[in-house]
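Beneath this line is the structure, given in C-alpha cells, with notes to follow.
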Amino acid sequence: MPKALGHIRVLDLSRVLAGPWCSQNLADLGADVIKIERPGSGDDTRAWGPPYARDGAGVDTSEAAYYLAANRGKRSVTVDIARAEGQALLRELVRHCDVVLENYKVGQLKRYGLDYDSLKAIKPDLVYCSVTGFGQDGPYAHRAGYDFLIQGMGGLMSVTGERDDLPGGGPQKVGVALTDLMTGMYATIAVMAALTHRDRSGSGQYIDMALLDVQVAMLANVGSNYLNSGKPPKRWGNAHPNIVPYQTFACNDGYIIVATGNDGQYQKFVETGGRPELANDPRFATNPLRVQHRDTLVPLLAAMVSTQSRAYWIAELEAVGVPCGPINDVGEVYQDPQVQARGLVVELPHPTAGTVKLVRSPMKLSATPALAELAPPLLGQHTEEVLGQLLGHSAADIAALRAKGVL
C-alpha cells in the first residue's frame, strides 16, 4: 500500500512527548523514523511506569505504557552523543536523512557539532526541527519547559477549572499533557510544510517550535476575545459564559452534558424533564435572560436531571433533538460502539509482550492511509540493522563501538 511519506527518513533525537508525538505522526504516514536513544536507559518515558505492557502470561514487561503511546513505527538505535564516535555516527546518519528532530536545551547540541548550522554543511537540504519550552530567543530561551508549567504560564489554566466563587474553584491543568501534544502536532505540520518547500526549491530550513508559543496560539477564540476586548476571560468550569444551559448535570447514576444552543432546545429539555413551567417563566424565556438568571435556574435544572438515570436522559433528549451525551471514563470510551466501529484500537506484535494494544492514528486518508505496522521498539532493537544496512558498518565495527560504550 502506498505511503504518503514513504520517501522520507527522520533522525529523531527527541524524547518524552512533544518531539516523539511529531515523529510518531510522521511514522504513521510512512516515514522511516530512526529514534536515537541513550545507551542503557533510552527515552526517559521507558521508566515512566507502571503500568507496563504484559506478556502472554500476564507478567509485566519493561515496556512502560507511557513510552508505548508515542513511539510506534520507529527504529531504535542506541548512541552516546557525548562521545566523539557517537557524534560521528550521527553525522553519517544525517547524510541519509531528510529531517532531524530534537528537543535539547538551547545551544546544547552545538557543543557536539549536531546543531543546524553544522549539519546543513553536511546536507544543505536538511529540514531541522527544534522543540523547546520557550524557543531559541527571548529572555526565557534557556529555561527548561514542562507541559504543566506552560499550561499555567500560557493562560490555559486561567480558563480551566471551576469558578472561583463555587466549591472547588481555582485553576486546573488539563488531564493530559495537551501543550506537549499540540506542540507535536504543530511540529508535524511545520516539518511537512518544510519538506514541501524543499521539494519545490531544493532548500532545507530550520524550524523553531516552542511550547509557550503553541500554548498561546491554541487559546484561539479565548485569546482573540481578550485582544479585542481588553478583558481577561475567567474560568467557568463545565458551564458556558454565553449559553444556559450548556454544561454538565448529575443524573442519579452518573453525569451527562446538555448543550442547548437555542430557545427551542431549552424548551424541549425542560418539557422532557416534566418542568414545562421553566420554559414559560419570564426569567428564563430567552437565552440572554437565562444567562442573567443562571444562578437561579441551574439549581432547578440540576434537581430535575438528578431524578433520572443517564441512559434515560440520553435516550429521551436525543429523541427530541436536544444535544446531549455521557461523560465516559476511559474504559467506557473503548466500549463505545462508535469508537469500536472506527477501529481506533490496533494490536501489533511485540518482541517481549507478544502483542501490544495501541491507539490508531485518527488520520484517515483514502489513498495513502496512516498505518500502524511496527510496535514501539525495544531499546536499541535496530542498532545493528541501521548501522550495518544503512551505513555499511561491519559486525566487527559495531561490536567494537559497543565494547567502548558508544552504543
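The values are calculated or read from the model by the stated rules, or taken from the named source; none is laboratory data. Just so you know, these numbers come straight off a predicted model, no measurement behind them. Reconstructed Cβ throughout: ideal geometry from the backbone, glycine too, with neighbour counts over all protein chains shown. Note: areas computed on protein heavy atoms with side chains; ligands, DNA, RNA excluded. Shrake-Rupley method; radii C 1.70, N 1.55, O 1.52, S 1.80 Å.
On the stretch given as segment 272-310, residues that are free of Cβ contacts under 8 Å to residues at least 24 places away in the same chain and either assigned to a loop (DSSP other than H, G, I, E, B) or open to solvent by 50 Å² or more (accessible area, probe 1.4 Å) (or both) total 17. All conditions but one from (1) in a loop (DSSP other than H, G, I, E, B); (2) open to solvent by 50 Å² or more (accessible area, probe 1.4 Å); (3) closer than 15 Å to Leu211 by Cβ apply to Val106; the one that does not is (2). Screening the candidates Gly154, Gly135 for the property of being modelled with pLDDT of 95 or more, within 30 Å of His240 (Cβ to Cβ), open to solvent by less than 20 Å² (accessible area, probe 1.4 Å) and touching a Leu at 6+ places or on another chain (Cβ under 9 Å) yields one hit, Gly154.
Table: residues versus (1) at pLDDT below 95; (2) closer than 30 Å to Arg290 by Cβ; (3) surrounded by fewer than 16 Cβ atoms within 10 Å (Cβ to Cβ).
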{"residue": "Ala187", "(1), (2), (3)": "no, no, no"}
{"residue": "His197", "(1), (2), (3)": "no, no, yes"}
{"residue": "Pro233", "(1), (2), (3)": "yes, yes, no"}
{"residue": "Ile256", "(1), (2), (3)": "no, yes, no"}
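Restricted to segment 338-393, and to residues there that are in contact with a Leu (Cβ under 6 Å, 6 or more places away or on another chain) and farther than 15 Å from Arg72 by Cα, the residue that is most open to solvent (accessible area, probe 1.4 Å) is His393. Just so you know, in segment 70-85 the residues that are open to solvent by 40 Å² or more (accessible area, probe 1.4 Å) and of a type in the set (A, V, I, L, M, F, W, C) include one that is farthest from the chain's Cα centre (by Cα), and it is Ala84.
Residue by residue, here is whether (1) more than 36 Å from the chain's Cα centre (by Cα); (2) at pLDDT 95 or above; (3) β-branched (Val, Ile, Thr); (4) more than 12 Å from Gly254 (Cβ to Cβ) holds:
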site	(1), (2), (3), (4)
Leu278	yes, yes, no, yes
Arg283	yes, yes, no, yes
Gln292	yes, yes, no, yes
Val298	no, yes, yes, yes
Val305	no, yes, yes, no
Ser309	no, yes, no, no
Pro323	no, yes, no, yes
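Of all residues in segment 385-402, none are touching a strand residue (DSSP E or B) at 6+ places or on another chain (Cβ under 9 Å), touching a residue at least 40 places away in the same chain (Cβ under 8 Å) and not in a helix (DSSP H, G or I).
Of Leu379, Leu358, Leu407, Leu374, all but one fail to be within 30 Å of Asp60 (Cβ to Cβ), modelled with pLDDT under 95 and under 31 Å from the mean Cα position of the chain (by Cα); the exception is Leu374. Considered as a group, the residues in segment 44-69 that are out of contact with any Ser or Thr (no Cβ under 7 Å at 6 or more places or on another chain), touching a residue at least 40 places away in the same chain (Cβ under 8 Å) and closer than 28 Å to Leu114 by Cβ include one that is most open to solvent (accessible area, probe 1.4 Å), and that residue is Ala69. The condition of being crowded, with 24+ Cβ neighbours inside 10 Å and in a loop (DSSP other than H, G, I, E, B) does not hold for Ser23. Restricting the first member to segment 234-258 and to residues that are among the acidic types (Asp, Glu), and the second to residues that are assigned to a loop (DSSP other than H, G, I, E, B), the beta-carbon pairs closer than 7 Å and six or more apart or on different chains are Asp253/Ser309.
Residues in segment 235-249 that are among the hydrophobic types (A, V, I, L, M, F, W, C) and in contact with a helix residue (DSSP H, G or I) (Cβ under 7 Å, 6 or more places away or on another chain) were compared, and the one that is surrounded by the fewest Cβ atoms within 10 Å (Cβ to Cβ) is Ile243. Criterion applied to Tyr128, Tyr140, Tyr112 was being touching a helix residue (DSSP H, G or I) at 6+ places or on another chain (Cβ under 8 Å), among the aromatic types (Phe, Trp, Tyr), within 25 Å of His382 (Cβ to Cβ) and open to solvent by 10 Å² or more (accessible area, probe 1.4 Å), and the one residue passing it is Tyr112. Across segment 204-228, the number of residues qualifying as open to solvent by less than 50 Å² (accessible area, probe 1.4 Å) and either free of Cβ contacts under 8 Å to residues at least 24 places away in the same chain or of a type in the set (Gly, Ala, Ser) (or both) comes to 3.
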